[in-house]
Amino acid sequence: MGQLEDMAMFVRIVEAGSITKAAEQLNIAKSAVSRRLKELETRLGSQLISRTTRQSNLTQAGEQYYQKVGNILSEVDALNEETSGAPTRIEGTLKMTAPLSFGLMHLNDVIDEYANQHPNLNFELDFSDRHVDLVEEGFELAIRVREMQDSSYQAKRLALIRYALCASPEYLDKMGTPKTVEELATHKILQYGLSKSSTIELIDEQGKKHEIEVNSKIKVNNGDFLREMAVKGQGIAFLPTFITYQTLASGELVPIMQQYQLPTLNAYAVYPKNRFLSQRCRYLIDLIAERFGDDPYWDRY
């Protein structure tokens, strides 16, 4: 085996999480993988992976080698693709997590297209609103709809996330349509999340910020449920348009207070800072960013 093959095998061990799993993915004997890893370490004169009977961990030298090897392999793949004109073979398992509503509503067509483009690629997808520790749980990629604060992750911006205040026509007929922040404060608000207090920040046409302490009739940690409560006339919802766009387009929900500017967030592709980002992830990130961007289809309702 050549040095590039040994590098690729080392990356596979790291990303698989163990020699055993790497051997299974490569369809070769565990002893062969162990032997090649030992030969690579001997050639380098440094231990890359600290192995015990229970677990394997990258050494400091292994971390540095992993990062640089990943970049080298990516450059080799890019050079081969550029020279041959044939696309790189994308394979393995892409393990990704994303918010529940975003995943169910907006990733199905993207994943379907990507799976058709790369038939040798497998997927493990976790759609949930819980906080996922990517390193601890073995995910190589996450989509997050929030402002990034964790410095242990790297992030690429995928899309602008806009919000809407909206309610059903029946609710507005019965309770009236608020036109000012003072009137809005008297209405029943459907709140995403279970925090004890909730405020909404609006910016008027003169650029003045207004922070409103709202009266939450229903608090829930799922945006789809909140949207349906709004459709049923339970109050005014403050939700991202990627959740409400279909009901806004159908007229089941009506946008209000449109003279005010509402807060925005961003959707990011997030991955551990100290890990090599595989081509299967990079290509998917590029596809999602191209598909959504600053003018996503859900804002054209």
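Can you confirm whether the range 47-62 contains a residue that is closer than 25 Å to Q154 by Cα, out of contact with any Lys or Arg (no Cβ under 8 Å at 6 or more places or on another chain), modelled with pLDDT under 80 and not hydrophobic (A, V, I, L, M, F, W, C)? Yes, some residue in the range 47-62 is closer than 25 Å to Q154 by Cα, out of contact with any Lys or Arg (no Cβ under 8 Å at 6 or more places or on another chain), modelled with pLDDT under 80 and not hydrophobic (A, V, I, L, M, F, W, C). Residues in the range 215-230 that are touching a helix residue (DSSP H, G or I) at 6+ places or on another chain (Cβ under 6 Å), surrounded by 19 or more Cβ atoms within 10 Å (Cβ to Cβ) and not charged (D, E, K, R): G223 only.
Rundown of residues vs (1) farther than 24 Å from Y301 by Cα; (2) at pLDDT 85 or above; (3) not in a loop (DSSP other than H, G, I, E, B), yes/no style:
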| residue | (1), (2), (3) |
| --- | --- |
| M105 | no, yes, yes |
| L125 | yes, yes, yes |
| F139 | yes, yes, no |
| L160 | no, yes, yes |
| C166 | no, yes, yes |
| D173 | no, yes, yes |
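Within the range 95-121, residues that are surrounded by fewer than 13 Cβ atoms within 10 Å (Cβ to Cβ) sit with their Cβ atoms under 8 Å from residues that are among the β-branched types (V, I, T), at 6+ positions apart or across chains, in these pairs: N120/I90. Scanning the range 78-103 for residues that are at pLDDT 90 or above and assigned to a helix (DSSP H, G or I) yields a total of 4. The residues in the range 257-297 that are surrounded by 15 or more Cβ atoms within 10 Å (Cβ to Cβ), within 30 Å of Q60 (Cα to Cα) and not hydrophobic (A, V, I, L, M, F, W, C) can be counted, and the count is 9.
For the range 122-169, which residues satisfy the criterion of being of a type in the set (K, R) and open to solvent by 30 Å² or more (accessible area, probe 1.4 Å)? Within the range 122-169, R130, R146, K156, R157, R162 meet the criteria. Quick check on A249: is it of a type in the set (A, V, I, L, M) and more than 21 Å from K188 (Cβ to Cβ)? Yes. Scanning the range 176-214 for residues that are at pLDDT 90 or above, open to solvent by less than 20 Å² (accessible area, probe 1.4 Å) and within 15 Å of Q258 (Cα to Cα) returns P178, V181, L184, L202. Here is the figure for the range 7-41: residues that are within 31 Å of the chain's Cα centre (by Cα) and either touching a residue at least 24 places away in the same chain (Cβ under 8 Å) or part of a helix (DSSP H, G or I) (or both) total 20.
Can you work out which of the residues in the range 22-49 that are hydroxyl-bearing (S, T, Y) and within 29 Å of N122 (Cβ to Cβ) is most open to solvent (accessible area, probe 1.4 Å)? It comes out as S31.
The values are calculated or read from the model by the stated rules, or taken from the named source; none is laboratory data. Source: prediction; values computed, not measured. Cβ coordinates were reconstructed from backbone atoms using ideal geometry, including for glycine residues, and neighbour counts include every protein chain displayed. Accessible surface is based on the protein model in full, side chains and every heavy atom, while ligands, DNA and RNA are left aside. Shrake-Rupley method; radii C 1.70, N 1.55, O 1.52, S 1.80 Å.
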